[in-house]
Every structure is written in structure tokens, then in C-alpha cells.
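What follows is a single structure, and I will ask about it in a moment.
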Amino acid sequence: MQIKEFAARTGVSRDTIRFYEKRGLLKPASRNGSNGYRHYSEDEVELMRQIQIGQALGFSLAEIKKGAEAWRVGVFGDDLQIAMMEAKLVDLDRKLAELSRISFYLREKIRWIKEGKRGPGPELA
């Protein structure tokens with residue numbers, strides 16, 4: 001299928017598809033030498049769906065590219081998927097802790113100001 005149909009099937013714009021190609025996430029199954037048309041396979045449709053899921057879960061394009069490359073060569077098995085998800089969970093837990101710390105500070109600073117206190121206020125732990 002050509003890029004227009006691929007875009008319609010995946011719900012992704014042609015510009016985004018080209019961007020993903022430049023980044024190495026997508027690779028057309030073939031390219032017509034005379035007119036330059038890209039032709040995509042059903043495998044690329046499935047890969048695009050996985051890219052969309054990865055983005056929705058917060059994976060970076062670099063992380064998604066690693067998974068896409070492993071998928072293309074047939075080594076995106078359970079072990080690699082679990083390792084990538086566990087690493088993402090560690091990162092998310094770190095970010096959650098940081099957001100919790102910032103939220104606590106902001107609440108304390110609001111309380112401090114409402115009480116009419118002046119000065120630097122509570123410490124950011």
C-alpha cells in the first residue's frame with residue numbers, strides 16, 4: 001500500500017510517517033525507483049500500532065526505535081518487552097516521586113502565604 005492508504009489505515013499523517021522513517025522507526029517495504037512511491041506492508045501497519053501504544057505509555061522515540069529494530073529482526077520477545085517495561089516503570093516511579101515532592105512543596109508554600117507569613121517559606125525537600 002502507498003503512503004496515502006497507510007496513513008488512512010493507521011490514522012497517522014503522512015508527515016508523521018515521513019518523520020518516523022527519518023528517525024528509523026518505520027521502513028517502507030519497498031520504494032519504486034521510477035516515481036519514488038513508498039510501499040508499506042501489513043507488518044508496518046502493525047508496527048505503527050505498536051509505536052502508537054509505546055508513545056501512549058510514555059516511551060521515548062529512542063526507546064520505541066530499539067523495540068522496532070528488535071521486532072524487525074524477530075527478537076522482540078517476552079524477555080525484552082518485560083525488560084523495557086520494567087525500566088519504564090523505574091523511570092515513572094522516579095518521576096512520580098519528584099512530582100509528589102513538588103506537589104507537597106507547592107501546597108506548603110500556599111499554606112505559608114495564606115497564613116500571611118513572609119520570607120523564603122518552607123524548604124523544598
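What's the number of the only condition in (1) surrounded by 12 or more Cβ atoms within 10 Å (Cβ to Cβ); (2) in the same structural domain as Asp15 (by TED's automatic domain parsing); (3) not in a helix (DSSP H, G or I) that Gly58 fails to meet?
It fails just one condition, (1).
Among the residues of region 4-42, which ones are part of a helix (DSSP H, G or I) and either crowded, with 18+ Cβ neighbours inside 10 Å or touching a residue at least 60 places away in the same chain (Cβ under 8 Å) (or both)?
Correct list: Phe6, Ala7, Thr10, Ile17, Tyr20.
Here's a follow-up. Pull up region 19-39, narrow it to residues that are touching a helix residue (DSSP H, G or I) at 6+ places or on another chain (Cβ under 8 Å) and within 20 Å of Lys66 (Cα to Cα), then point me to the one that is modelled with the lowest pLDDT.
Looking only at region 19-39, we keep the residues that are touching a helix residue (DSSP H, G or I) at 6+ places or on another chain (Cβ under 8 Å), and these are 20, 23-29, 37-38.
Retained after the next criterion (residues that are within 20 Å of Lys66 (Cα to Cα)): 20, 23-29.
On the way: Tyr20: 94, Arg23: 92, Gly24: 90, Leu25: 92, Leu26: 91, Lys27: 86, Pro28: 81, Ala29: 76.
The selected residue is Ala29.
If you go through region 16-37, how many residues are out of contact with any Ser or Thr (no Cβ under 8 Å at 6 or more places or on another chain) and more than 16 Å from Leu61 (Cα to Cα)?
Total meeting the criteria: 9.
Across region 61-90, what is the total count of residues that are of a type in the set (Phe, Trp, Tyr) and assigned to a helix (DSSP H, G or I)? Steps first, please.
Step one: filter region 61-90 for residues of a type in the set (Phe, Trp, Tyr), giving 71, 76.
Those left that are additionally assigned to a helix (DSSP H, G or I): 71.
Count: 1.
Please go through (1) aliphatic (A, V, I, L, M); (2) farther than 27 Å from Ala8 by Cβ; (3) surrounded by 11 or more Cβ atoms within 10 Å (Cβ to Cβ); (4) modelled with pLDDT under 95 for Val45 and return the number of the only condition it doesn't satisfy.
Condition not satisfied by Val45: (2).
Would it be correct to say that Lys95 is surrounded by 14 or more Cβ atoms within 10 Å (Cβ to Cβ) and outside any loop (DSSP other than H, G, I, E, B)?
Values: surrounded by 14 or more Cβ atoms within 10 Å (Cβ to Cβ): no; outside any loop (DSSP other than H, G, I, E, B): yes.
Considered against the rule, which asks whether it is surrounded by 14 or more Cβ atoms within 10 Å (Cβ to Cβ) and outside any loop (DSSP other than H, G, I, E, B), Lys95 comes out as no.
Now, a different point. Looking only at region 66-80, decide whether some residue is closer than 18 Å to Thr16 by Cα, modelled with pLDDT under 95 and in contact with a helix residue (DSSP H, G or I) (Cβ under 8 Å, 6 or more places away or on another chain). Can you show your working first?
The first filter runs over region 66-80 and keeps only residues closer than 18 Å to Thr16 by Cα, leaving 68.
Add one more test, that the residue is modelled with pLDDT under 95, and what stays is 68.
From the residues that got through so far, the ones that are in contact with a helix residue (DSSP H, G or I) (Cβ under 8 Å, 6 or more places away or on another chain) too are 68.
Taking every residue of region 66-80 in turn, at least one turns out to be closer than 18 Å to Thr16 by Cα, modelled with pLDDT under 95 and in contact with a helix residue (DSSP H, G or I) (Cβ under 8 Å, 6 or more places away or on another chain).
The values are calculated or read from the model by the stated rules, or taken from the named source; none is laboratory data. Computed from a prediction, not measured in an experiment: that's the story for all the values here. Glycine also receives a Cβ, built like all others from the backbone with ideal geometry; neighbour counts cover every protein chain displayed.
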